[in-house]
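Novice: I'd like to ask you about the structure that follows.
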């Protein structure tokens with residue numbers, strides 16, 4: 001059970017997030033202003049904070065800096081500001097991740113899971129095994145049917161992201177955010193090229209997928225080939 005603090009001034013968005021996360025078993029508290037959110041972040045000790053930048057009393061980036069001065073709680077910035085400069089400022093100020101509005105509840109939940117995995121204290125990091133494919137996040141080694149696969153840094157990060165969410169569809173925007181730290185548009189071609197390289201090294205193609213399957217108009221997912229068959 002995860003304690004989530006939502007700092008969001010829009011009541012419709014705040015209610016929708018609370019309903020979605022609550023239905024998934026999270027304990028959700030909320031604040032409509034930056035000062036109230038800062039107080040709750042300190043007093044309630046949540047597991048993760050979802051922070052809007054456009055707050056009525058104080059800019060969200062300032063709230064983020066103030067939270068960071070007193071706490072290392074993971075912070076996911078949720079903003080309508082689809083601007084690279086704002087995103088970079090948020091990351092430099094200590095944000096662990098960001099989402100550009102509008103976003104779906106499933107995407108927010110996936111981001112929460114991701115940041116909690118990154119900060120989990122003393123959590124054992126084990127290789128991810130999907131049939132004959134083994135992805136080791138500690139050594140950054142990949143083997144397929146016992147044979148080593150040489151991947152570039154970004155290729156490994158991409159494969160690791162898909163393997164962490166085996167069976168789930170991962171959108172290109174999520175890939176850009178997780179692997180390239182880009183939440184804005186314009187990077188689809190980069191994702192496509194790296195997927196093509198990765199498939200080639202795994203001995204498959206987009207036309208004849210084995211592990212990496214495209215979902216037209218949505219994204220890609222990594223699957224167990226025996227189950228997909």
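Novice: If we keep just the residues of region 202-221 that are surrounded by fewer than 16 Cβ atoms within 10 Å (Cβ to Cβ) and touching a residue at least 40 places away in the same chain (Cβ under 8 Å), which is farthest from residue 147 (Cα to Cα)?
Specialist: Applying the filter and picking the extreme gives 218.
Novice: Checking the conditions here, which among 93, 31, 36 is surrounded by 17 or more Cβ atoms within 10 Å (Cβ to Cβ), more than 30 Å from residue 218 (Cα to Cα) and out of contact with any strand residue (DSSP E or B) (no Cβ under 6 Å at 6 or more places or on another chain)?
Specialist: Exactly one of 93, 31, 36 is surrounded by 17 or more Cβ atoms within 10 Å (Cβ to Cβ), more than 30 Å from residue 218 (Cα to Cα) and out of contact with any strand residue (DSSP E or B) (no Cβ under 6 Å at 6 or more places or on another chain), namely 93.
Novice: Taking interchain pairs and intrachain pairs at least six residues apart, which have beta carbon atoms under 6 angstrom, with the first residue in region 8-25 and buried (at least 17 other Cβ atoms within 10 Å of the Cβ) and the second assigned to a helix (DSSP H, G or I)?
Specialist: Correct list of pairs: 8/14.
Novice: From (1) over 15 Å from the mean Cα position of the chain (by Cα); (2) not in a loop (DSSP other than H, G, I, E, B), pick out the condition that doesn't hold for residue 81.
Specialist: Against the list (1) over 15 Å from the mean Cα position of the chain (by Cα); (2) not in a loop (DSSP other than H, G, I, E, B), residue 81 comes up short only on (2).
Novice: Filter region 155-200 down to residues that are surrounded by fewer than 16 Cβ atoms within 10 Å (Cβ to Cβ) and assigned to a helix (DSSP H, G or I) and give me whichever is modelled with the lowest pLDDT.
Specialist: The extreme case among them is 188.
Novice: Any residue in region 156-180 that is assigned by TED's automatic domain parsing to the domain that holds residue 79 sitting within a Cβ distance under 6 Å of a residue that is part of a helix (DSSP H, G or I) and at pLDDT below 85? List the pairs, counting only those 6 or more apart or interchain.
Specialist: Close Cβ pairs (under 6 Å, with a partner that is part of a helix (DSSP H, G or I) and at pLDDT below 85) do not exist here.
Novice: Can you name the residue in region 39-54 that is surrounded by fewer than 16 Cβ atoms within 10 Å (Cβ to Cβ) and touching a residue at least 40 places away in the same chain (Cβ under 8 Å) and, of all such residues, is farthest from residue 91 (Cα to Cα)? Please lay out each step first, then the result.
Specialist: Applying the first criterion (surrounded by fewer than 16 Cβ atoms within 10 Å (Cβ to Cβ)) to region 39-54 yields 39, 42-45, 54.
Restricting the remaining residues to those that are touching a residue at least 40 places away in the same chain (Cβ under 8 Å) gives 44-45, 54.
On the way: 44: 24, 45: 21, 54: 16 Å.
Among residues in region 39-54 that are surrounded by fewer than 16 Cβ atoms within 10 Å (Cβ to Cβ) and touching a residue at least 40 places away in the same chain (Cβ under 8 Å), the one farthest from residue 91 (Cα to Cα) is 44.
Novice: Can you pull out the residues in region 22-47 that are more than 21 Å from residue 12 (Cβ to Cβ) and either modelled with pLDDT of 95 or more or outside any strand (DSSP E or B) (or both)?
Specialist: Scanning region 22-47 gives 25, 35, 38, 39, 41, 42, 43, 44, 45, 46, 47.
Novice: Then there is this: In region 1-14, which residues are assigned to a helix (DSSP H, G or I) and either in contact with a strand residue (DSSP E or B) (Cβ under 9 Å, 6 or more places away or on another chain) or not assigned by TED's automatic domain parsing to the domain that holds residue 81 (or both)?
Specialist: Applying the first criterion (assigned to a helix (DSSP H, G or I)) to region 1-14 yields 11-14.
Scanning region 1-14 gives 13, 14.
Novice: If I ask for residues that are crowded, with 21+ Cβ neighbours inside 10 Å and out of contact with any helix residue (DSSP H, G or I) (no Cβ under 7 Å at 6 or more places or on another chain), which ones from region 80-90 would you list?
Specialist: Correct list: 87 only.
Novice: Would you mention how many residues in region 59-78 are touching a helix residue (DSSP H, G or I) at 6+ places or on another chain (Cβ under 9 Å) and either surrounded by fewer than 19 Cβ atoms within 10 Å (Cβ to Cβ) or in a helix (DSSP H, G or I) (or both)?
Specialist: Residues flagged as touching a helix residue (DSSP H, G or I) at 6+ places or on another chain (Cβ under 9 Å) and either surrounded by fewer than 19 Cβ atoms within 10 Å (Cβ to Cβ) or in a helix (DSSP H, G or I) (or both) within region 59-78 amount to 11.
Novice: Condition check: within 19 Å of residue 171 (Cβ to Cβ) and out of contact with any helix residue (DSSP H, G or I) (no Cβ under 8 Å at 6 or more places or on another chain). Does residue 104 satisfy that?
Specialist: It is true that residue 104 is within 19 Å of residue 171 (Cβ to Cβ) and out of contact with any helix residue (DSSP H, G or I) (no Cβ under 8 Å at 6 or more places or on another chain).
Novice: Might you let me know whether region 55-77 holds any residue that is closer than 20 Å to residue 100 by Cβ, in contact (Cβ under 8 Å) with a residue 60 or more places away in the chain and in contact with a strand residue (DSSP E or B) (Cβ under 7 Å, 6 or more places away or on another chain)?
Specialist: no
The values are calculated or read from the model by the stated rules, or taken from the named source; none is laboratory data. None of the values given here were measured: they were computed from a predicted structure. Glycine also receives a Cβ, built like all others from the backbone with ideal geometry; neighbour counts cover every protein chain displayed.
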